[in-house]
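Scroll down for the structure; my scribbles are underneath it.
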């Protein structure tokens, strides 16, 4: 199937695709904000410039486009029929760079969460994604307490020295 646009027009269309403040990203940010989370966006000091940075929780979130980062088994992540070699190379580089950035962030002590565009397409799904992230972040700040089994008094054995007089 040939492209319905000229090469120049297609180039113009592709150049207008944003990398910041995309619709899925904004949806997730609003959902997290509504749950009381405060964050920074697109922090250039961190590898990969994460979309959402939650410093308090030591967590970064990437909202990846299914096409651009080739979400496995996703209907949005199709390979274009024209200029296929270019697109395969481009997507492979994107995925390689993503993995390198995730690794670097992990080395710096950050937890990395990746949310895919298709996970945020429907309102009810978007809310459940935000709920899952919120639950994960709350668990991170308040880990489950360690419980100790305290024995009954009759089970307590006291070990002590015999009465010894010192210094004689």
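Quick look at the numbers
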quantity	calculated
Some residue of the range 132-146 being at pLDDT 90 or above and surrounded by 15 or more Cβ atoms within 10 Å (Cβ to Cβ)	yes
Tally of residues being surrounded by 15 or more Cβ atoms within 10 Å (Cβ to Cβ) and touching a helix residue (DSSP H, G or I) at 6+ places or on another chain (Cβ under 8 Å) across the range 42-57	8
Test result for residue 91, at pLDDT 70 or above, part of a helix (DSSP H, G or I) and closer than 16 Å to residue 24 by Cβ	no
Qualifying residue in the range 59-67 (condition: loosely packed, with under 15 Cβ neighbours inside 10 Å and modelled with pLDDT under 95)	no
Criterion: in contact with a strand residue (DSSP E or B) (Cβ under 9 Å, 6 or more places away or on another chain) and either at pLDDT below 90 or surrounded by fewer than 12 Cβ atoms within 10 Å (Cβ to Cβ) (or both) - qualifying residue of 99, 120	120
Failed criterion for residue 31 (all others in (1) within 14 Å of the chain's Cα centre (by Cα); (2) modelled with pLDDT of 90 or more; (3) in a helix (DSSP H, G or I) hold)	(1)
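The values are calculated or read from the model by the stated rules, or taken from the named source; none is laboratory data. These figures come from a predicted structure and were not determined experimentally. Here Cβ is always computed from backbone atoms with ideal geometry, including for glycine, and neighbour counts include all displayed protein chains.
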